[in-house]
Amino acid sequence: MSRFSSRTAWDTGESAYAAAVREARARPHFDLTLSNPTRCGFSYDAEALLAPLADPRAAVYDPDPRGLLSARAAVARYYSGHRAEVDPGHLLLTTSSSESYSFLFRLLADPGDEVLVAQPSYPLFDFLATLDDVRLRPYPLFYDRGWWIDFAELERAISPRTRAILVVHPNNPTGHWTGPAERELLEQLCARHQLALIVDEVFLDYPMRASHPRSFAVGPHPALTFVLSGLSKIAGLPQMKAAWLLALGPAELRAQALARLEIVADTFLSMNAPVQLALPSWLAGRSSIQAQILERARTNLATLTGVAAAHPGRLRVLDTDAGWSAVLSLPSCAGEPDCAERLARERGVIVHPGSFYAMPEANRVVVSLIVPTDDFAAGIQKATS
């Protein structure tokens with residue numbers, strides 16, 4: 001019998017929730033988890049999107065471990081729109097945020113070392129950490145008329161094996177963005193304990209209110225800091241597999257990190273030439289899809305708040321600052337362990353259970369805000385009727 005590694009010893013069986021979703025999709029249903037922008041009815045200019053891939057320069061293989069300078073310069077221009085002066089030499093291109101995380105885990109942590117990550121948060125981190133032999137330790141976000149970092153618990157979670165604090169800004173799925181006071185505390189904590197700060201900003205361009213979250217690319221940077229983002233959310237192009245990480249912080253530490261990251265990237269050379277050559281064009285054209293996504297997300301959020309105001313006993317919408325998701329509290333599910341499963345089986349409404357994101361409250365579910373508006377409104381009505 002073949003022997004497989006313990007890091008891949010996942011439970012691959014079908015859960016009761018997955019079975020309920022599969023059965024719901026076999027009949028008329030409302031899928032409120034749709035979050036792939038290319039499948040949500042947005043308007044893309046296919047010709048303009050694909051034309052840059054025909055650049056004849058892609059016929060020559062001339063790899064740069066950090067990514068083509070022209071592509072990195074385009075990313076630097078993106079940050080200038082966020083009032084951050086970014087040196088293209090401090091950027092490294094990757095195929096995805098997941099790959100960026102993997103590079104950073106390998107850079108910062110030996111097997112068994114720890115990275116602190118907020119809960120609730122995206123479950124993908126567990127898989128990435130396991131594959132890179134890193135331990136994740138949670139620190140809580142708590143809800144009190146908005147989401148907040150529990151700094152007392154965060155500091156208590158730091159151990160001799162802690163190597164980094166990970167922040168998703170804005171958080172997925174809570175939509176919490178890290179305000180100036182929280183950022184200052186995070187940076188002080190990292191500097192004091194000699195930890196790196198990893199900041200995922202893929203949802204930065206989708207604020208749900210008038211003010212806008214400030215990018216961590218804007219200085220100063222008292223601690224070694226890595227800012228991650230990519231085209232999947234910024235340009236609504238998950239299929240193009242283009243992302244990046246930006247190294248910031250004290251000059252000597254930053255230089256050492258980039259030198260080591262360059263060797264990691266050179267080992268894989270995962271970025272392909274056509275995508276790198278097309279990246280400047282895709283970034284320059286992001287405004288159209290961003291406007292569509294933002295309008296959709298705000299419209300659906302308004303639908304939620306309207307239903308909650310009309311029927312406070314049926315639905316509560318937790319405050320969100322930015323992003324594509326909303327956390328809902330369903331009073332009818334109080335004390336019920338499988339609320340999302342029941343909604344799929346009995347009402348044909350597919351939502352994510354809060355437990356996917358390590359929420360302990362059984363009556364919390366998560367929905368995508370970029371579902372087509374008519375389907376979204378009908379699905380929410382059915383889920384709360």
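Tabulated data for the structure shown
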{"item": "Estimated distance in nm for a label pair at V218 and R347, the labels positioned 7 Å out from Cα along Cα-to-Cβ", "result": "4.0"}
{"item": "Heavy-atom SASA rank of E14, E23, E252, E182 (probe 1.4 Å, accessible area, largest first)", "result": "E252, E14, E23, E182"}
{"item": "Part-to-part distance (alpha-carbon centres) for the range 180-206 and the range 1-75, which is given in Å", "result": "27"}
{"item": "Using alpha-carbon coordinates, inclination of helix 69-80 to the longest axis of the chain, degrees", "result": "50"}
{"item": "Kirkwood estimate for the range 10-50, i.e. one over the average of 1/r between Cα atoms, Å", "result": "13.2"}
{"item": "Under 14 Å, Cβ to Cβ, from P274 - net charge with Lys/Arg +1 and Asp/Glu -1", "result": "0"}
{"item": "Per residue accessible area of the chain, 1.4 Å probe, in Å²", "result": "46"}
{"item": "Correct choice for semi-axes √(5λ) of the Cα gyration tensor in Å that was computed from the model, options [x] 34, 26, 21; [y] 36, 28, 17; [z] 53, 22, 19", "result": "[x]"}
{"item": "Accessible surface of T12 - all protein chains present, 1.4 Å probe, nearest 10 Å²", "result": "130"}
{"item": "Two-decimal log10 I(q)/I(0) for the range 233-385, as the Debye equation yields it once each C-alpha is a single scatterer, q = 0.18 Å⁻¹", "result": "-1.03"}
{"item": "222 nm mean residue ellipticity, helices alone, for the chain (DSSP H n ≥ 4; -39,500 (n - 2.57); rounded to 500)", "result": "-11000 deg cm²/dmol"}
{"item": "Contour excess over end-to-end distance, with Cα ends at E252 and E23 and 0.36 nm allotted per residue", "result": "76.9 nm"}
{"item": "Cβ-defined net charge surrounding R161, 11 Å radius [Lys, Arg +1; Asp, Glu -1]", "result": "0"}
{"item": "With Cα atoms, 0 to 90° folded angle of helix 97-108 axis to the chain main axis", "result": "60"}
{"item": "Contour excess over end-to-end distance, with Cα ends at S70 and Q381 and 0.36 nm allotted per residue", "result": "107.1 nm"}
{"item": "In Å², nearest 10: area of S355 left accessible to a 1.4 Å probe", "result": "80"}
{"item": "Dipole-positive endmost among P123, F103, I149 within the range 102-152 (Cβ charges, Cα centre)", "result": "I149"}
{"item": "Apportionment of accessible area to carbon and sulfur, the chain, percent (1.4 Å)", "result": "53"}
{"item": "Unmatched cysteines, the chain - criterion: no other Cβ of a Cys under 4.7 angstrom", "result": "C40, C190"}
{"item": "Residue order for K241, K233 - accessible surface, 1.4 angstrom probe, largest first", "result": "K241, K233"}
{"item": "R137-R316 FRET efficiency (beta carbon distance; Förster radius 45 Å; 0.05 resolution)", "result": "0.90"}
{"item": "In Å², nearest 10: area of E336 left accessible to a 1.4 Å probe", "result": "40"}
{"item": "Spin-label model distance (nm) - D150 vs Q239, 7 Å beyond Cα toward Cβ", "result": "4.3"}
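The values are calculated or read from the model by the stated rules, or taken from the named source; none is laboratory data. Predicted model, so just to flag it, every value in this text is computed and none were measured. In this analysis, Cβ positions are derived from the backbone assuming ideal geometry, glycine residues included, and neighbour counts consider all displayed protein chains. Ligands, DNA and RNA are stripped out before the accessible areas are found, and what is left, the full protein with its side chains, is counted by its heavy atoms. Shrake-Rupley method; radii C 1.70, N 1.55, O 1.52, S 1.80 Å.
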